[in-house]
Amino acid sequence: MAKLYFHYATMNAGKTTMLLQASYNYRERGMSTMLFVAGHYRKASHYHKDGAGYIASRIGLEADAEMFSDGDDLFARVAEHHRHTTTHCVFVDEAQFLAEEQVWQLARIADRLDIPVMCYGLRTDFQGKLFTGSRALLAIADELREVRTICRCGRKATMVVRLGPDGKVAKKGEQVAIGKDVYVSLCRRHWEEEMGRWRAEDLIGFAGAE
Ligand SMILES: [Zn+2]
C-alpha cells in the first residue's frame, strides 16, 4: 500500500532540493508526478509571471507546481487529475501550511488511490511551536523522516530563529513573516540562548549582543 511521508527539518536544510530530485527520479523513469506548494503567502519565488506556480530550490532546480490554499480539497484535485493522467507520486512543499483536514485528504490519496504522498516542511516555527500542518503530519503520517542540518556548533539543528531587518532575533510576532527576515537553524541549546531563555554560555551571537 502507498504511504504518507513527512520529511521535516529546519530552514535551509535542502528539503526543496530533495523534493525536486525525488520528483525528477520518477519522471526520468517515465512516471507522472503532481507537485503542490502552499500559495498562502504569495512568495514571488513561487509564481511565474503568468501566475502559475512553481517550486525552485536554492541550488537552481525548479519545476512547475500547483498552488494549494486553505479550503482546497487536495484529494479531489488529485483524484480528478489521476482519472485522465495516471499519477505515480504526489509531492507537497511547505507542508507546514497544510490545514489539518488537508493532511487527512493526503492520507486518503495514499489509502484510497494508492498513490504515495511525500510531504516536505518545517516542524516548528521560530518560537519552537508546531505548525498546523506539521502537527497533523506528525500525528498520522506513515513514515517520518528527519532531514538533517547542523548548527554552527556542529550539533544537529532542530530549531530556527528569525532575524528581523535590524539583524536581531525576533522573540515574538506572526508565525510567518515574508520580507527581509532571515532564518537561521540552530541546535536547541543555542536556540534557547539566542531566544534569551537561558543565559548565554557560548553564544556566538548574531543577535542580542548588546
Ligand atoms: Zn549549537
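Quick one: among GLU193, GLU101, GLU28, which has the greatest mean-square fluctuation in a GNM of the chain with alpha-carbon springs under 10 angstrom?
Per the Cα network of the chain with a 10 Å cutoff, GLU28 tops the list.
In nm, what is the difference between 0.36 nm times the number of residues separating HIS81 and GLU28 and their Cα-Cα distance?
So the extension gain works out to 17.1 nm.
Which residues' amide hydrogens lie under 5 Å from the amide hydrogen of PHE91, considering only partners 5 or more residues apart or on another chain, with H built in the peptide plane?
Counting only residues 5 or more places away or on other chains, the set is MET34, LEU35, PHE36, MET118.
Rounded to the nearest 5, what is the percent of antiparallel bridges among the DSSP beta bridges in the chain?
Here the share of antiparallel DSSP bridges comes out near 40 percent.
Taking R0 as 30 Å, what's the FRET efficiency between ASN12 and GLU62 from their Cβ-Cβ distance, rounded to 0.05?
0.95
List, in order, the whole-Hz ³J(HN,Hα) value for each residue of the range 87-92 obtained from phi through the Karplus relation with A = 6.51, B = -1.76, C = 1.60 and θ = phi - 60°; use x for Gly and Pro.
Here the 3J(HN,Hα) series is 10, 9, 7, 10, 10, 10 Hz.
If one takes the longest principal axis of the Cα atoms in the chain, at what angle in degrees, from 0 to 90 and to the nearest 10, does the Cα axis of helix 100-112 lie?
So the helix axis and the longest Cα principal axis differ by about 40 degrees.
Near the amide H of TYR54, under 5 Å away, which other amide H atoms are found, from residues 5 or more places off or on another chain, if H is placed in the peptide plane?
Here TYR47, HIS48, ALA65 satisfy the definition.
For TYR54 and LYS3 in the same chain, what is the full-extension length gain: residue separation times 0.36 nm, less their Cα-Cα distance, in nm?
15.9 nm
Report the convex hull volume per residue for the range 71-198, counting only C-alpha atoms, in Å³. Present the calculation step by step, with values, prior to reporting the outcome.
Numbers: hull volume 16.1 nm³, N = 128.
Normalising the Cα hull of the range 71-198 by residue number yields 126 Å³.
Readers should treat all values here as calculations from the given coordinates under stated rules, not as data from a laboratory. Predicted model only: the values in this text are computed from it and were never measured. For neighbour counting, all protein chains shown are included, and Cβ atoms are generated from backbone atoms with ideal geometry for every residue, glycine included.
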